[in-house]
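Worksheet: the structure to be examined is printed underneath.
The values are calculated or read from the model by the stated rules, or taken from the named source; none is laboratory data. Note that this is a predicted model, so its numbers are computed, not measured. Cβ atoms come from the backbone with ideal geometry, glycine included; neighbour counts cover every protein chain shown. These area figures cover heavy atoms from the full protein model, side chains too; ligands, DNA and RNA do not enter into them. Shrake-Rupley method; radii C 1.70, N 1.55, O 1.52, S 1.80 Å.
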Amino acid sequence: MAAVASAPPPSLEILVRGPEGFSIWNGPPFTNGQPGVKLETTSCNSSKFSEDGSRLMVVKSDSVITIYDCISYKEIRSFQVPNSLAATLSPRGTYLQTFQKSSTPQQKNVTVWNIETGDPVYHQFQKNMTKTTWPSIRFCSNEAVAYRHATNEIQFFDAGDFSKGIVRRIRVPGVAAAELSWAPPSYVAAFVPEAKGVPASVQIFSREEDAQSQPVARKSFFRSSSVQLSWNQGSTGLLIVVQSDVDKTNQSYYGESKLNYLTTDGSYEGLVPLRKEGPVHDVQWSHSGSEFAVVYGFMPAKATVFDKKCNPLLELGTGPYNTIRWNPKGKFLCLAGFGNLPGDMVFWDYKEKKQIGACKAECSVTSEWSPDGCYFMTATTAPRLQIDNCVKVFHYNGTLFFKKMFDKLYQADWKPVSPERYGDIDELIKVIDTLRVGEAKPQGEKSKASQTSGKSLPTTNPPAAKPAAYRPPHAKTAAAVQAELFGQSSTKTPSKNALRNKKKREKQNEKKAAEGAGSIGE
């Protein structure tokens, strides 16, 4: 135990992907003002880490999927999967799951591959791929259990041995989505949409072998087209965002949404008592699973932190917000407004119950805390936005630490690492604050001498010029003529007509002056 405790925490790493492929950066703090390159740019179409950060999946073409080890970044194995439409890794990187274009129902187009051996361990046919049906086979966080929802039932597998086939079934007529609790995987939630006048419902079932196929908790609701299911750490509570395509109050073009809460012990079942009307923009559990934060209501939106009994603990104020990100250590919160909002961000110290900073990250598409909880990264990526693509890294209090512009950026992700592998957040912050002493500028905007020392990223991107207001061509010419007519200064060379008119005016003024002088002399 002592040897484990004394082991240094892993360094932070960032994956960035552009048109040329992906590369791996060494994460902050940077020693020379720029992130070092741990893995040079490698050509690919897409890339994704496993949930624990141990493996990296890279799709290099329509038929080649390569798996990398995330310590050495050496290739472990490549798979030839013709006509592949989607691929994903299991949480610990043990399995690769692929979805292929199928021409006949007899062709089983979903395959689960064992990465170590390269052999397929499971096949099935799936007609199409949607957000609720992919991945087809889902795993709990420790990969002890695998499951899928099929017609009128939820099927469970032994993730260590798929040859056993289905080891348990829970019958749920009309089930359209299922979500397994993840720590521990002791419950499964099932969503059944509305049908023939029967309201939609979310039901929670126990996964124990000797449990009856009766729900331990249930919530019904009308006007629901889809739901988002979110379990907490500890598997005691389930947050349900119910979305309807139509708002019968005609207050929102985007429909309406409600936030429900269910507990596995039956102590709470109903709506979360939100204090403002309007949609639920975002909701997230803290890492401990003891509280959750919600952004809700018509703009300016309101944000509140609740405990596991839906009692409000902290009001985070109102503003143009639609995103909440909880620090993995549970100490800090970032409240932001991205998408069609201007990009305002405020940072809160939840332990001290106070706001510690505010800033802006305009046009951000993705945002997330670093695994150690000390940095916050935003990225403006294509194809959502084709201009001003960039990566920004902020300190925990919102001060800009690093910025880099790209001609085209598709992806920017932290390498996942368990927060428990890092020390106490207060000690980590003290170290960072010590390193920040003497910093006058955000890293990435320092002198050329500091940027060229050591192996680092090239800084060929000039600072972006402030865009000028648009003026049509005829307005530019008109402004120059107007300046000449009224004797104002002009930055442009006068035209020939303007010069000719100016000479005429000067001669007329001289003639009038001479006539005036003659009349005075008489």
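Leaving ligands and nucleic acids out of the surface, order Thr304, Thr236, Thr117 by accessible area at 1.4 Å, largest first.
Most to least solvent-accessible, the answer reads Thr117, Thr236, Thr304.
Work out the length of the dipole vector of the range 277-425 about its Cα centre, built from +1 on the beta-carbon of each Lys and Arg and -1 on the beta-carbon of each Asp and Glu, and round it to the nearest 20 debye.
So the dipole magnitude of the range 277-425 works out to roughly 180 debye.
Just list whichever of Lys308/Lys351; Lys108/Lys164; Lys404/Lys430; Lys60/Lys127; Lys302/Lys404; Lys258/Lys353 have alpha carbons separated by over 20 Å in the model shown.
The pairs that break the limit, which is 20 Å between Cα atoms, are Lys404/Lys430; Lys60/Lys127; Lys302/Lys404; Lys258/Lys353.
Would you list which aspartates and glutamates come within 14 Å of Lys503, measuring only between C-alpha atoms, while excluding same-chain residues fewer than 8 positions from it?
Glu484
How big is the dipole moment of the range 48-136 about its Cα centre under a simple scheme where the beta carbon of each Lys and Arg is +1, that of each Asp and Glu is -1, and everything else is neutral? Debye, nearest 20, please.
Magnitude of the dipole: close to 280 debye.
If I model a spin label as a point 7 Å beyond the Cα along the Cα-Cβ vector, how far apart are those points for Lys354 and Ser78 in nm?
About 5.7 nm separates the two model spin labels.
Taking square-rooted eigenvalues a ≥ b ≥ c of the alpha carbon gyration tensor, is the range 137-271 rounded, prolate or oblate, where a/c under 1.5 means rounded and, failing that, a/b exceeding b/c means prolate?
It is prolate, given that a/c is not under 1.5 and a/b is the larger ratio.
Run the numbers on the range 137-271 and let me know its relative contact order in percent, using alpha-carbon pairs under 8 Å that are six or more apart.
Result for the range 137-271 is 15 percent.
Using a Förster radius of 60 Å, what is the FRET efficiency between Ile71 and Lys196 based on their Cβ-Cβ separation? Nearest 0.05, please.
Once the sixth-power term is evaluated, E becomes 0.65.
How large is the accessible surface of Met299 in square angstrom, using a 1.4 angstrom probe and rounding to the nearest 10?
The accessible area of Met299 comes to roughly 90 Å².
Which of the aspartates and glutamates could a cross-linker span from Lys74 if the Cα-Cα distance has to be under 15 Å and same-chain partners fewer than 8 positions apart are dropped?
Lys74 reaches Glu40, Glu116.
Cut-off under 14 Å on the C-alpha distance; same-chain residues fewer than 8 positions from Lys415 excluded. Which aspartates and glutamates are left, in chain and number order?
Those aspartates and glutamates meeting the cut-off are Glu13, Glu51, Asp52, Asp69, Glu368, Asp372.
Ignoring ligands, DNA and RNA, how do Glu291, Glu420, Glu362 rank by accessible area with a 1.4 Å probe, largest first?
Result of the area sort, largest leading: Glu420, Glu362, Glu291.
Taking a 1.4 Å probe, which of Met57, Met405 shows the most accessible area, and what order do the others take after it?
In descending accessible area the options line up as Met405, Met57.
Which value, in Å² rounded to 10, gives the accessible area of Lys164 with a 1.4 Å probe and all protein chains present?
The value for Lys164 is about 120 Å².
How big is the accessible area of Glu20 in square angstrom, nearest 10, if you roll a 1.4 angstrom probe over the protein chains?
Ignoring ligands and nucleic acids, Glu20 comes out at about 130 Å².
If I take R0 = 35 Å and measure r between the Cβ atoms of Glu116 and Ala150 in this structure, what FRET efficiency does the formula 1/(1 + (r/R0)^6) give, to the nearest 0.05?
It comes to 0.80.
Based on the alpha-carbon gyration tensor of the range 277-425 and its eigenvalue square roots a ≥ b ≥ c, which shape applies: rounded if a/c is under 1.5, prolate if not and a/b is larger than b/c, or oblate?
oblate
Full extension from Lys101 to Lys276: what is 0.36 nm times the residue separation minus their Cα-Cα distance, to one decimal in nm?
Working it through step by step, the gained length comes to 58.4 nm.
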